[in-house]
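Written out below as structure tokens is the structure these notes cover.
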Number of protein chains: 2
Amino acid sequence: MASALLIDLYELTMVDAYLAEGLHDEAAFSLFVRRLPARRNYLLACGLEEALTYLETLRFSPEELAWLESLGRFSQQLLDWLEHFHFTGDVHAVPEGTPVFAEEPLLEVIAPLPEAQLVETYLLNQLHLQTLAASKAARVVEAARGRPVVDFGVRRMHGEDAGLKVARAAYVAGVSATSNLLAGQRYGIPVAGTLAHSYIQAHDDELAAFRAYARRFPDTTLLVDTYDTLEGVWKVVKLARELGPDFQVRAVRLDSGDLVSLSHSARTLLDAAGLERVQIFASGGLDEDEVALLLAHHSPIDAFGVGTAMGVSADVPSLDIAYKLVEYAGHGRLKLSPGKVLLPGRKQVFREEEDGVARRDVLARHGEALPGRPLLRRAMHAGRRLAGASPSLEAIRTYVREELARLPLEVTQLEPLRPPYPVVTSPELSAAKEQVLTWLREESHAS
Amino acid sequence: MASALLIDLYELTMVDAYLAEGLHDEAAFSLFVRRLPARRNYLLACGLEEALTYLETLRFSPEELAWLESLGRFSQQLLDWLEHFHFTGDVHAVPEGTPVFAEEPLLEVIAPLPEAQLVETYLLNQLHLQTLAASKAARVVEAARGRPVVDFGVRRMHGEDAGLKVARAAYVAGVSATSNLLAGQRYGIPVAGTLAHSYIQAHDDELAAFRAYARRFPDTTLLVDTYDTLEGVWKVVKLARELGPDFQVRAVRLDSGDLVSLSHSARTLLDAAGLERVQIFASGGLDEDEVALLLAHHSPIDAFGVGTAMGVSADVPSLDIAYKLVEYAGHGRLKLSPGKVLLPGRKQVFREEEDGVARRDVLARHGEALPGRPLLRRAMHAGRRLAGASPSLEAIRTYVREELARLPLEVTQLEPLRPPYPVVTSPELSAAKEQVLTWLREESHAS
């Protein structure tokens, strides 16, 4: 359960001011990514489940309220309001696992202004992390071309929560398993693992270590690069001869060095020993580019362990994600900050498809009826999530596969797509922007 | 409290095998960064406090044990051992806030092999995150040349735990305040904040918004770039005239556009109106390079709000950090994987100084007595932290300032330092490596 204090101070000062001013009309905030990073042709929306849980359960405890009061910055009106706070609004969102593009809302919050403002920080924090992670992991899965990818990243992910949520997002994106037991327990994600160099090192010789580990875990994967990779493979062959029919080792793991040549040599050694069924598992600083390169060189690798680069989304460690007021008290709202111009009003996205393949998205006003498949659906009403808003992780994985198959091939490939997948603004939305600009000029310049 | 399941599966399978094999002699693991990223001349060690708390409190709950049992992978011996687990070992570590270089241990764990192995994942996860974050934040603080830097990053940090721990690490590194209330409550870090564009947008005109916010929070900072930055500043001037002596606004905040020219123009406007005491606060996609550039252009900026780039350490989102077995049962241990060669045995680092300025570090064997200041100290004995191992955050901040002042100037500057600060290996440590190599060849090739 998230602490209610995991918010920016200014959310509370603004709410305090809203309450004092009586600004509690309905507001709509839109959460979206302003622009795609150069190395992402699309993003996979992820994190809605956590967002809905937060909105349903967010409460301020007596200790938290006492601490806030101790700051001496807030009105009694605010403290009373927080004491009785529960979220009463609506959420429209694209389902988890939906491919999205720049400016398309991942979700919209429709609620009295103070409520919708209060939840900004946490919704951004969670949607950002999981969308970032799922989008990266989808690239690694794509690069592996059907071979299993195992998430090994928890040790260098950014803290405990990332360790858990990134494992979830990677699984959503098609990763097969995780080394992270907590993610296994919490989400039912298959867990997998091999052994570390320390285990080999703790034994006086490598073969003795292999023998002992295979005795305890007969179908294990043995790590062979502690001293010399091919000598390590050779010791696995020795062990196979020693154990005869009891030898059930599933794979050898290569974790360093030139994985192209080592995997070829290891395969040759294993095959020559009649160990065709022993697979080759590769890890060690891999990312989607490395995986693609290994396979482009026909490396006989059966599965990949991918850690840090996927776990921190190393090439793109953040998204330009924002949560912006787009409507208040019935008026569309926008801002004009350079590079951050905002389209007003609640929105819908229509994905137009031809022969089952998306050809463009139309960003439209909420309520417009246009050709194509609408992507945003109501996920929460009056503070309660709707039936169907929380599909199982397995259902989300299936949905991701189906949705990615509906994108043009060049969108899901690793190479940057120029020009990007087309997203156009509906005429009605463009007109709405002009109206708000006119209204704003009149109001603002009158002051 | 961290879940005991936030570990890699292989820690448990290895411990299971160690127990079955009776490998419970004393082991030493060393946690260090293999090499410095190109854009980091040093790292600030951070996260020890969390590591010690983890080691003191790590327990497996009945629910966690039941889930582990349900996997059907583990022996009853392991499950019994986990049920009664508490950490009984020692920790030697550099104090939080110590500048460290490649291969220098941040901490060493000395404990029975299964215990020392079990805690690998979490120690890496926490030391990595906070060291990464403190090292990045120190650069931003350096760039700001004494001007306050406020952490605004929680919304795009990687999850809840990063939101909290990165705020802590940034404060350790010299950041002045955070927008994150949880970090304020948990660690006593000063909290700060201004207001968001949504507040301005929710009002029908900008001046009305400024008026209302300043009424509620007289000494606030007003965000002026929602529509047009200089018009925004002009409205602050209008408000000052309107309020007369009641006008106490502390600063205007510029959040977009060309901050060099906007800050100069804003300063001119404010000064011309007699508002010399109104400061200029800059934010919006800043990092250390942007901050340095703004100041190189003599931009009249008094304080900086820095968010995402600092919060995810955008240019270096991970470190090549490792936790490696260096000694077991009285023997030094190493590994020879390409690019990952390990020095055996427990270590000490001696920082040699001349006229109060460090000139080189000597990486030595534990127990050696060499010239220079030894950096590693015992922080925990028999599972309990020692008195003095948990200084206050304020004390750590002071220590950081002192330690950075003892480094050569070129080390703390932003530009990459080539050649890097010198770290040499003591003759005794070099000899120890040769001894282990010889021993290993004899043992391994005998098999």
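Here, each number is a calculation from the coordinates, and none is a lab measurement. Just so it is clear, the model here is predicted, and its values are computed rather than measured. Every residue, glycine as well, gets a Cβ built from its backbone with ideal geometry; the counts of neighbours run over all protein chains shown.
A compact table of results
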{"read-out": "Shortest-first distances to equivalent copies, position A:Ala369, nm, label 7 Å out along Cβ", "value": "9.1"}
{"read-out": "Inter-part distance where the range A:331-400 and the range A:297-319 are each reduced to a Cα centre, Å", "value": "29"}
{"read-out": "Of all DSSP beta bridges in chain B, antiparallel share, percent nearest 5", "value": "65"}
{"read-out": "Charged-residue dipole, Cβ positions (Lys, Arg, Asp, Glu), chain B about Cα centre, Debye nearest 20", "value": "820"}
{"read-out": "Pseudo-label separations to other copies for A:Gly274 - Cα-to-Cβ vector, 7 Å, nm", "value": "10.0"}
{"read-out": "Mean separation of Cα contacts under 8 Å, 6 or more apart, over the residue count of chain B: relative contact order %", "value": "21"}
{"read-out": "Chain A, Rg to Rh (Cα coordinates; Rh as Kirkwood inverse mean 1/r)", "value": "1.07"}
{"read-out": "Under the Karplus curve 6.51 cos²θ - 1.76 cosθ + 1.60, θ = phi - 60°, whole-Hz ³J(HN,Hα) for the range B:302-313, x wherever Gly or Pro sits", "value": "9, 7, 10, x, 10, x, 4, 4, 6, x, 10, 6"}
{"read-out": "Between helix A:229-243 and chain A: long-axis angle, C-alpha atoms, 0 to 90°, nearest 10", "value": "60"}
{"read-out": "Ratio Rg/Rh, restricted to the range A:139-311 and using Cα atoms, in which Rh is the Kirkwood radius", "value": "0.97"}
{"read-out": "Choice from A:Leu71, A:Leu31, A:Leu118 showing the highest fluctuation, given a GNM over chain A with Cα pairs closer than 10 Å", "value": "A:Leu71"}
{"read-out": "Per principal axis, descending, Cα span of the protein assembly as shown in whole Å", "value": "91, 74, 48"}
{"read-out": "Among B:Ala27, B:Ala432, B:Ala322: highest mean-square fluctuation, GNM of chain B, C-alpha pairs under 10 Å", "value": "B:Ala432"}
{"read-out": "Value of relative contact order over the range B:4-112, rounded to a whole percent, pairs C-alpha under 8 Å and six or more apart", "value": "44"}
{"read-out": "Neighbour cut-off at most 13 other Cβ (10 Å), DSSP loop, chymotrypsin sites (Phe, Trp or Tyr not before Pro), the range B:10-79", "value": "none"}
{"read-out": "J(HN,Hα) series, the range A:370-379, from Karplus relation 6.51 cos²θ - 1.76 cosθ + 1.60, nearest Hz, glycine and proline x", "value": "10, x, x, 8, x, 9, 8, 10, 6, 10"}
{"read-out": "Rel. contact order, % - alpha carbon contacts under 8 angstrom, at least six apart, the range A:139-311", "value": "28"}
{"read-out": "Calculated label separations, A:Ala431, copies of the chain, 7 Å along the beta-carbon direction, nm", "value": "8.8"}
{"read-out": "Dipole magnitude of the range A:139-311 about its Cα centre (Cβ charges: Lys, Arg +1; Asp, Glu -1), debye to nearest 20", "value": "540"}
{"read-out": "Centroid-to-centroid separation of the range B:1-57 and the range B:212-245 [C-alpha atoms, Å]", "value": "51"}
{"read-out": "Beta bridge orientation in the protein assembly as shown: antiparallel %, DSSP, nearest 5", "value": "65"}
